[in-house]
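The structure appears right after this line, and notes come after that.
The values are calculated or read from the model by the stated rules, or taken from the named source; none is laboratory data. Small disclaimer: the values here were computed from a predicted structure and weren't measured. A quick note on method: Cβ atoms are made from the backbone with ideal geometry, for glycine too, and the neighbour counts reach across all protein chains shown. For the accessible areas, the whole protein counts, side chains as well, though only heavy atoms, and no ligand, DNA or RNA atoms are used. Shrake-Rupley method; radii C 1.70, N 1.55, O 1.52, S 1.80 Å.
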Amino acid sequence: MTATQGQPVDGDDAGEPTGDDEMRGRPADGGGTASRGAAARGDTVASVVRQWRAVRPELDTAPMEIIGRVNRCAALLQQAEDAPLRRAGLTRAEFDLLGALRRTGHELTPGELVRETFSSGAAVTKRVKHLTERGLVERRGDARDRRVAHLRLTEAGRALVDGIMPEQLAYESAVLAALDADRQGELADLLGELLSRLEGRMQALRI
C-alpha cells in the first residue's frame, strides 16, 4: 500500500499495533452477534475476546472483533510489505512520500505532501532532506516566491518506486486470493464506508 493509514505520524517508525491496542470494550446491553461467534474463531483476536469475556462478561466486546482484526491485519501486512523497503534502505513513511510524488504525476510542494501523506510538516521536511541527499528527490525553487519549493522524483526515485510497487501489489493479491471477487468487493465497500466516516469525523474536529 502506498499511503499511510489515517492520522499524522511525526516519526518515521510507527509502533506495531498489538492485540490490546483497540481492545478496550464498552458497556453493553448483552453483547453483539460478533461476540457470540468469537469462540468459533481461532485467530489471535478471538483469544483476546475470550479472555476479556471471562474477566469482564458485562462488556460488549463486539467492536474489538472488528477493530482488533483490522489492526492485526494491517500490522501483519505491513511487516511483509516492508521487506522490500528495508532492502532499499527506506522507511514506510519515506516510501509513502515517494509514492505520492509518483502517483500524482507532477511536482508537489512540501505542504501538498503533508496532505497527501497525512504527516506533519516537520516530518515531511526531514524525509525530503534524506531522500534528496540520496538522489531520489529533487527540489526546484519557485521563480516568484523563494520560500516555496517544488519537489519531484529523480529518474532514480521513479525507478525505485516502479520496481517496488509490483512486488507489493502481487503480495496483496496473493493474500486476498483467499476471498472470491464478490467478497473482496463487499469488504472493500464496508472498509470504504468506515474510512469515509472516520475521515469525516477527523475533518470536522479540525474545523
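Search the structure for amide H atoms under 5 Å from the amide H of residue 109, placed 1.01 Å from N in the peptide plane, and list their residues when 5 or more places away or on another chain.
Here the answer is 151, since their amide H atoms fall under 5 Å of that of residue 109.
Kindly rank 60-67, 152-159 from highest to lowest mean number of other beta carbons found within 10 Å of each residue. Write out the running numbers ahead of the final one.
On the way: 60-67: 20.1, 152-159: 15.6.
So the peptides 60-67, 152-159, ranked by packing, come out 60-67, 152-159.
Quick one: Karplus J couplings for segment 190-196, per residue in order, coefficients 6.51, -1.76, 1.60, θ = phi - 60°, nearest Hz, x for Gly and Pro?
5, 5, x, 5, 5, 5, 4
Which whole-number percent is the relative contact order of segment 120-171 (Cα, under 8 Å, 6+ apart)? Show your work: numbers first, answer last.
On the way: 36 pairs, mean separation 13.2, N = 52.
After rounding, I find 25 percent.
Going by average Cβ neighbours within 10 Å, how do the peptides 85-91, 141-147 rank, with the highest at the top? Kindly include the intermediate steps, with their values, before the conclusion.
Working: 85-91: 14.9, 141-147: 8.1.
Put in order of decreasing packing, that is 85-91, 141-147.
As an exercise, use a Förster radius of 25 Å and the Cβ-Cβ distance of residue 132 and residue 82 to find the FRET efficiency, rounded to the nearest 0.05. Display every interim value, and only then the final one.
On the way: r = 22 Å, r/R0 = 0.89.
Working from the Cβ atoms, E equals 0.65.
If you rank 118, 95 by how much accessible surface each has, with a 1.4 Å probe, what is the order from largest down?
On the way: 118 70, 95 0 Å².
Accessible-area ranking of 118, 95, largest first: 118, 95.
Quick one: which residues, 5 or more positions from residue 137 or on another chain, have an amide H under 5 Å from its amide H? H modelled 1.01 Å from N in the peptide plane, none for Pro or chain starts.
Here 132, 154 satisfy the definition.
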